[in-house]
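Beneath this line is the structure, given in structure tokens, with notes to follow.
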Amino acid sequence: MDPLLHTWPVSSSVMLWGSKTGRGTVLRLVHLTIGFCSLNFSLVAYLFLFSTEGPDGPFARAWVIGIATINLIPTFLWFVGRIRGARTLEFYGLWADLGTASILITFTSHNAALFGAVLFVATGAYFTYFLDYRWLAFHLAFATTFVIALTVLGLTNGEYSATSVLARTDVVLCAVIFIPATIQFTWRQLLSRATGSKVDALTGLLNRRGLWDMSEHIWSVASANRADIAVAVVDIDKFKAVNDTFGHEVGDAVISRTGTRLQEHVNGFGYAARTGGEEFTVVMIGTPYGLRKRIATLPKAVVNASDRPLATVSVGAATLPFVPHQEEFDYNEFSRAIIAADHLMYDAKSAGGNAANTAPTTVSRPRRTV
């Protein structure tokens, strides 16, 4: 059985950001900002050890030193790119929230702790950019509850006037809640518009622009899992005759039906994109045997004997074998694979169609010395 690469597809936020960590990207800046915020958390904790409003007593001081020091480990791992994958990212977020709260509750001054709660703004940014909206909702609920608890303690101990405590609470809550929530809302709007420009309106599949963005991610996943990549070009046979005989509305239905079945065939192993009128490009990852099997069965997977009108497809495919230490997406190599697959598809169509041309399908990926 071909091993399913469970790391794909992943949640939309992780998929988007996890494939865009190269230099010069927006994520690189966000990634560095989160790292410095994590480092600053330890620094602030150490500084409060020397404050009269900081932790009091040997246990509280030892706890702050321990949390601040342990936090340097995930901070280092974050900077070197070792914190990745949905579960690890979620755990890092939980550590940030719980670690922040555990430090603040050691403060002798509840008002100082309330002021320190503004650190939740940094963790809120992390939840916004690297986890989905459900995790952000959890963070906002946790941070709000914690701030309100500090407010109640500040009001009951009489250290400061109620007006001062409530004013500080208002400022902290506005920062903790509205800044991450506004970023999330704005980002979702921008993401929705960007995604819309990468999706084919008729089939709901990726379009040519979306193909290249997703290919970069697939390349990264294949490298991480030591998997091969297959690129297949699929074209509906005699499609002009379908349009001429049944009309463009039926032709559109055939295109949509074919696209849906292509995606179902490769679901969990890759994706399908509509890259022309009746042409699709399919990108898959897996073992050599598994990829050959999926390529060979593509023509049958998109055709049902009950289809009216019956429309077959011609398939050409090229494979990119796994090469160690080649994690960076190679645009030229991927382009050559598409061109090779396109030529093989036309060979299959010239031979009568309704077939997958798998003769010779390998495009060599150059090896790099390390």
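The values are calculated or read from the model by the stated rules, or taken from the named source; none is laboratory data. Because the structure is a prediction, the values reported are computed rather than measured. So basically every Cβ, Gly included, is an ideal-geometry build from the backbone, and we count neighbours across all protein chains shown. Note: accessible area is taken over every heavy atom of the protein model, side chains too, but ligands, DNA and RNA are not part of it. Shrake-Rupley method; radii C 1.70, N 1.55, O 1.52, S 1.80 Å.
Anything in the range 73-91 that is open to solvent by less than 70 Å² (accessible area, probe 1.4 Å) and either touching a helix residue (DSSP H, G or I) at 6+ places or on another chain (Cβ under 6 Å) or not hydroxyl-bearing (Ser, Thr, Tyr) (or both)? List them, or say none.
Residues satisfying the conditions are PRO74, THR75, LEU77, TRP78, PHE79, GLY81, ILE83, GLY85, ALA86, LEU89, GLU90.
State all residues of the range 290-328 that are hydroxyl-bearing (Ser, Thr, Tyr), part of a loop (DSSP other than H, G, I, E, B) and surrounded by 13 or more Cβ atoms within 10 Å (Cβ to Cβ); if no residue qualifies, say none.
If the condition is that a residue be hydroxyl-bearing (Ser, Thr, Tyr), part of a loop (DSSP other than H, G, I, E, B) and surrounded by 13 or more Cβ atoms within 10 Å (Cβ to Cβ), then THR312 is the only one that fits.
Are any residues in the range 50-79 of a type in the set (A, V, I, L, M) and within 14 Å of LEU104 (Cβ to Cβ), and if so, which ones?
ALA60, VAL64, ILE67, ALA68
Scan the range 210-247 residue by residue and report those that are open to solvent by 30 Å² or more (accessible area, probe 1.4 Å) and either in contact with a His (Cβ under 7 Å, 6 or more places away or on another chain) or not in a helix (DSSP H, G or I) (or both).
Those that are open to solvent by 30 Å² or more (accessible area, probe 1.4 Å) and either in contact with a His (Cβ under 7 Å, 6 or more places away or on another chain) or not in a helix (DSSP H, G or I) (or both): ASN225, ARG226, LYS238.
Considering the range 123-139 alone, what residues qualify as being of a type in the set (A, V, I, L, M) and either open to solvent by less than 30 Å² (accessible area, probe 1.4 Å) or not in a helix (DSSP H, G or I) (or both)?
The answer is ALA125, LEU131, LEU136.
Taking the range 210-225, which residues are under 17 Å from THR275 (Cβ atoms) and of a type in the set (Phe, Trp, Tyr)?
TRP212
Out of all the residues in the range 44-72, which are part of a helix (DSSP H, G or I) and open to solvent by 90 Å² or more (accessible area, probe 1.4 Å)?
Those that are part of a helix (DSSP H, G or I) and open to solvent by 90 Å² or more (accessible area, probe 1.4 Å): LEU47, PRO58, PHE59, TRP63.
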